[in-house]
1. Please work out how much length the chain gains when fully extended from TYR104 to GLU79, using 0.36 nm per residue of separation minus the C-alpha to C-alpha distance, in nm with one decimal.
2. Full extension from LYS118 to SER160: what is 0.36 nm times the residue separation minus their Cα-Cα distance, to one decimal in nm?
3. Long-range amide H contacts for VAL66: which residues qualify at under 5 Å (H placed 1.01 Å from N, peptide plane, sequence gap of 5 or more or a different chain)?
4. Convert each backbone phi in the stretch 78-84 into a coupling constant with the Karplus relation 6.51 cos²θ - 1.76 cosθ + 1.60 (shift: θ = phi - 60°), then list the ³J(HN,Hα) values in order as whole Hz, x for Gly and Pro.
5. Using 1/(1 + (r/R0)^6) with R0 = 22 angstrom and r between the beta carbons of SER70 and LEU146, what's the FRET efficiency to the nearest 0.05?
Amino acid sequence: MSRAADSSAFNGDLASAVNNFFNFPETLEKFVFPSRAHEHNDNKGVSSIPVDILDAQKEYIFFMDVPGLSKSDIQVTVEDESTLVIRSGGKRKREEGEEEGCKYLRLERRPPKKLLRKFRLPENANVSAITAKCENGVLTVVVEKLPPPPKPKTVEVTIS
């Protein structure tokens, strides 16, 4: 084996080792907290940001941290009449003073290039009454609940 081939194989292994070192906390977290596996999506370039969902008396409220994204970067839609979809094709803006050719080894403080979350809404969700707002890096989506169906009346019939 030539020295050049040896060197490139080592560099590949070194790059892999460095990458594994930086990703170790996520690997450990997946093992310790398997319910959080959705946060580390294997879809290239698509991030699955954690969401808190509150089941309030008259509505469902979704809270999602989206630091650095503006309301124009985020799209909230309903697909197939019962699936809430939150997505962003947001592009990261360069930091002031950041050089054109530089490459990050780890990028966590800024929003991902793309994010996508889908939620199956319950039957009592009013898909015609959904509102969303994005303030201070938090997206809040409110889905109103439909009123409960009226309870059937019981009429007593007298027997003659």
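Values quoted throughout were computed directly from the atomic coordinates according to the rules given, and no laboratory measurement underlies them. From a predicted model like this one, the values you see are computed outputs, not experimental measurements. Note that each Cβ is placed from the backbone with ideal geometry, even for glycine, and that neighbours are counted across all protein chains shown.
1. 5.5 nm
2. The LYS118-SER160 span can extend by a further 9.2 nm.
3. For VAL66, whose amide H was placed from the backbone, the distant partners under 5 Å are VAL138, LEU139.
4. 10, 10, 6, 6, 8, 10, 7
5. The computed FRET efficiency comes out at 0.10.
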